[in-house]
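Each remark here refers to the structure printed beneath this line.
The values are calculated or read from the model by the stated rules, or taken from the named source; none is laboratory data. A quick note: this is a predicted structure, and the numbers were derived from the prediction, not measured. Don't worry about glycine lacking a Cβ; one is built from the backbone with ideal geometry, like all the others, and counts go over all protein chains shown.
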Amino acid sequence: GEDVEQSLFLSVREGDSSVINCTYTDSSSTYLYWYKQEPGAGLQLLTYIFSNMDMKQDQRLTVLLNKKDKHLSLRIADTQTGDSAIYFCAESKNSGGYQKVTFGTGTKLQVIP
Amino acid sequence: NAGVTQTPKFQVLKTGQSMTLQCAQDMNHNSMYWYRQDPGMGLRLIYYSASEGTTDKGEVPNGYNVSRLNKREFSLRLESAAPSQTSVYFCASRPNRAENTEAFFGQGTRLTVV
């Protein structure tokens, strides 16, 4: 199977850290992405990680990849109300000459002031 | 600073009607994509165009056709709309097919088929 799974909902208090988790099933995935979708908008790429990396940090965002367990996480430090959105993880691999990107179901992050 | 522009933003169709969703990008990108987003299912690729003049099927192409009119524009057509095609449709573009290039998404078209 090629499912990408995420929990549907996460609620955190402003100032706390948020951790959004994702599991994927395709070990041949080469890149893994985190996208953010604000209400009524398209998806915006937050960050991506190459599959041979364990961690990537970008300001308040930390991506951890456990390739053995096929587990990806996104940590948002000092979560703000503006971080409220739906977060999608996605994996990509080459498939028949094109880059196949499979998206997870999305995790809705609610930040409580 | 337009990026990827989709029209219309909202549309209601009756079963059997046809319509074309328009998408244009002003970033000189080679690759363009059409996705549909359904609750609990993430985004699924309908069709993509790796470069001007080429189009290929994605995961869920049935009931749709596409046209890569030129490098800027990639349209999605529903010839005979069905309620199962009620969804939010996103167009995306990226510079090329390389996996480490960012995909830019339009704001989406919310389509309801009654």
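A few remarks follow.
- The residue of the stretch A:23-48 that is nearest to A:Glu91 (Cα to Cα), among those that are hydrophobic (A, V, I, L, M, F, W, C) and over 10 Å from the mean Cα position of the chain (by Cα), is A:Leu43.
- Count - residues of the stretch B:90-100 that are more than 7 Å from chain A (Cβ to nearest Cβ) and modelled with pLDDT of 70 or more: 6
- Residues that are among the β-branched types (Val, Ile, Thr) and in contact with a helix residue (DSSP H, G or I) (Cβ under 8 Å, 6 or more places away or on another chain) number at least 1 in the following strands (runs of 3 or more DSSP E) confined to the stretch A:15-77: A:71-76.
- Residue match in the stretch B:28-38 (condition: closer than 22 Å to A:Cys89 by Cα, assigned to a loop (DSSP other than H, G, I, E, B) and either touching a residue at least 60 places away in the same chain (Cβ under 8 Å) or not acidic (Asp, Glu) (or both)): no
- Screening B:Val12, B:Val66 for residues that are buried (at least 20 other Cβ atoms within 10 Å of the Cβ), in a strand (DSSP E or B) and more than 9 Å from chain A (Cβ to nearest Cβ) leaves exactly one candidate, B:Val66.
- Residues (within 13 Å of chain B (Cβ to nearest Cβ) and either crowded, with 16+ Cβ neighbours inside 10 Å or modelled with pLDDT of 85 or more (or both)) located in the stretch A:24-38: A:Tyr24, A:Ser29, A:Tyr31, A:Leu32, A:Tyr33, A:Trp34, A:Tyr35, A:Lys36, A:Gln37, A:Glu38
- Filtered by the rule that a residue be within 15 Å of the chain's Cα centre (by Cα) and not aromatic (Phe, Trp, Tyr), the stretch B:1-17 gives B:Gly3, B:Val4, B:Thr5, B:Gln6, B:Thr7, B:Pro8, B:Lys9, B:Gln11.
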